[in-house]
Amino acid sequence: MATTHPKSSAFILELNGLAVTAASGEALMKDIATLLHQKLTKYNWVGFYMLEHEPGGDILVLGPFKGTMTPHIRIPLNQGICGAAASSGMTIIINDVASDPRYLACSLETKSEIVVPIFVHGKVVGELDIDSHFLAAFGPGDRILCEHAAALLGKFLQSHS
Ligand code: SME
């Protein structure tokens, strides 16, 4: 019998389906953020930051998101968990944001966070950032799911550029 758990293969297939119908990268980001935010109750803020090249250096700029407005619209690469994930090209999971001095607060309710880089032609172009109101909300299954969502967007951007 097919399972309907949000982290099941059925959910992965639903995510994959979004990339088939999306009209643009922006639309796909909106769809992914909406699906993850709606279906995973511990994913309280789901959004994308995309890398922009500026004369002063690269900067992460807030893209489509679901959840409350964040004060962090633009994040330099040497700041925050977001900057660390983009500059290292590695997924970062913080089980307790209060224990990490790099953390930039988006909401006082946030307790844990995952940030997954998005690659196009092997280079970081942005990232998927998810905050939870629960401590240690992001386990191995969440890492797989979020890395899948980020890779899906990267593949879409690569094939539509
Ligand atoms: N917490 C992030 C900033 C982005 S907000 O969470 C949406 C960070 O430390 O980089």
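The values are calculated or read from the model by the stated rules, or taken from the named source; none is laboratory data. Everything numeric in this text was worked out from a predicted model, so none of it was measured. No Cβ is skipped: glycine too gets one built from the backbone with ideal geometry, and neighbour counts run over all protein chains shown. Calculation scope for accessible area: heavy atoms of the full protein, side chains included, ligands and nucleic acids excluded. Shrake-Rupley method; radii C 1.70, N 1.55, O 1.52, S 1.80 Å.
Could you say whether any residue in region 31-38 is of a type in the set (Asp, Glu), closer than 18 Å to Leu157 by Cβ and either surrounded by 15 or more Cβ atoms within 10 Å (Cβ to Cβ) or within 13 Å of the ligand (Cβ to nearest atom) (or both)? Quick ask: steps written out before the conclusion?
Looking only at region 31-38, we keep the residues that are of a type in the set (Asp, Glu), and these are 31.
Remaining after also requiring closer than 18 Å to Leu157 by Cβ: 31.
Cutting the leftovers down to either surrounded by 15 or more Cβ atoms within 10 Å (Cβ to Cβ) or within 13 Å of the ligand (Cβ to nearest atom) (or both) gives us 31.
Yes.
Confirm whether Leu13 is more than 14 Å from Leu128 (Cα to Cα) and more than 15 Å from the ligand (Cβ to nearest atom). Explain how you work it out, then say what you get.
Details: more than 14 Å from Leu128 (Cα to Cα): yes; more than 15 Å from the ligand (Cβ to nearest atom): yes.
When the stated conditions are applied, Leu13 passes them.
It is to be established whether one or more residues within region 69-76 are touching a residue at least 24 places away in the same chain (Cβ under 8 Å), over 22 Å from Leu135 (Cα atoms) and within 10 Å of the ligand (Cβ to nearest atom). Full working, then the answer.
If we filter region 69-76 for residues that are touching a residue at least 24 places away in the same chain (Cβ under 8 Å), which is where we start, we get 70-72, 75.
Next, only the ones that are over 22 Å from Leu135 (Cα atoms) stay: 75.
Next, from what is left, pick out any that are within 10 Å of the ligand (Cβ to nearest atom): 75.
Looking for residues that are touching a residue at least 24 places away in the same chain (Cβ under 8 Å), over 22 Å from Leu135 (Cα atoms) and within 10 Å of the ligand (Cβ to nearest atom), one finds at least one in region 69-76, hence yes.
List the pairs whose first member sits in region 19-35 and is in contact (Cβ under 8 Å) with a residue 12 or more places away in the chain and farther than 16 Å from Asp131 by Cα, whose second member is surrounded by fewer than 19 Cβ atoms within 10 Å (Cβ to Cβ) and of a type in the set (Val, Ile, Thr), and whose Cβ atoms are under 7 Å apart, counting only residues at least 6 apart or on separate chains?
Pairs that qualify, where the first residue is in contact (Cβ under 8 Å) with a residue 12 or more places away in the chain and farther than 16 Å from Asp131 by Cα and the partner is surrounded by fewer than 19 Cβ atoms within 10 Å (Cβ to Cβ) and of a type in the set (Val, Ile, Thr): there are none.
Looking at the structure I just gave you, is Ile93 aliphatic (A, V, I, L, M), touching a residue at least 40 places away in the same chain (Cβ under 8 Å) and within 15 Å of the ligand (Cβ to nearest atom)? Break it down into steps so the answer makes sense when it comes.
Numbers: aliphatic (A, V, I, L, M): yes; touching a residue at least 40 places away in the same chain (Cβ under 8 Å): yes; within 15 Å of the ligand (Cβ to nearest atom): yes.
Against the criterion (aliphatic (A, V, I, L, M), touching a residue at least 40 places away in the same chain (Cβ under 8 Å) and within 15 Å of the ligand (Cβ to nearest atom)), Ile93 qualifies.
Taking the stated definitions as given, is Asn78 among the polar types (S, T, N, Q) and either touching a Cys at 6+ places or on another chain (Cβ under 7 Å) or over 23 Å from Ala149 (Cα atoms) (or both)? Spell out how you get there, then give the answer.
Numbers: among the polar types (S, T, N, Q): yes; either touching a Cys at 6+ places or on another chain (Cβ under 7 Å) or over 23 Å from Ala149 (Cα atoms) (or both): yes.
Considered against the rule, which asks whether it is among the polar types (S, T, N, Q) and either touching a Cys at 6+ places or on another chain (Cβ under 7 Å) or over 23 Å from Ala149 (Cα atoms) (or both), Asn78 comes out as yes.
Looking at region 21-45, which of the residues that are basic (Lys, Arg) and part of a helix (DSSP H, G or I) is modelled with the lowest pLDDT?
Filtering region 21-45 for residues basic (Lys, Arg) gives 30, 39, 42.
Within this subset, residues satisfying the condition of being part of a helix (DSSP H, G or I) are 30, 39.
Values: Lys30: 98, Lys39: 94.
The residue in question is Lys39.
Going through region 118-135 one residue at a time, which ones are touching a strand residue (DSSP E or B) at 6+ places or on another chain (Cβ under 7 Å), within 16 Å of the ligand (Cβ to nearest atom) and open to solvent by 10 Å² or more (accessible area, probe 1.4 Å)?
Those that are touching a strand residue (DSSP E or B) at 6+ places or on another chain (Cβ under 7 Å), within 16 Å of the ligand (Cβ to nearest atom) and open to solvent by 10 Å² or more (accessible area, probe 1.4 Å): Val124, Phe134, Leu135.
Looking only at region 48-68, how many residues end up being within 10 Å of the ligand (Cβ to nearest atom) and not aromatic (Phe, Trp, Tyr)?
Looking only at that region, the number is 4.
Out of region 52-108, which residues are assigned to a loop (DSSP other than H, G, I, E, B), open to solvent by 60 Å² or more (accessible area, probe 1.4 Å) and polar (S, T, N, Q)?
Thr68, Asn78, Gln79, Asn95
When you scan region 65-80, how many residues do you find that are among the small types (Gly, Ala, Ser) and in contact with an Asp or Glu (Cβ under 8 Å, 6 or more places away or on another chain)?
Initial filter on region 65-80 (among the small types (Gly, Ala, Ser)): 67, 80.
Among the residues that remain, those that are also in contact with an Asp or Glu (Cβ under 8 Å, 6 or more places away or on another chain) are: 67.
The number of residues fulfilling the criteria is 1.
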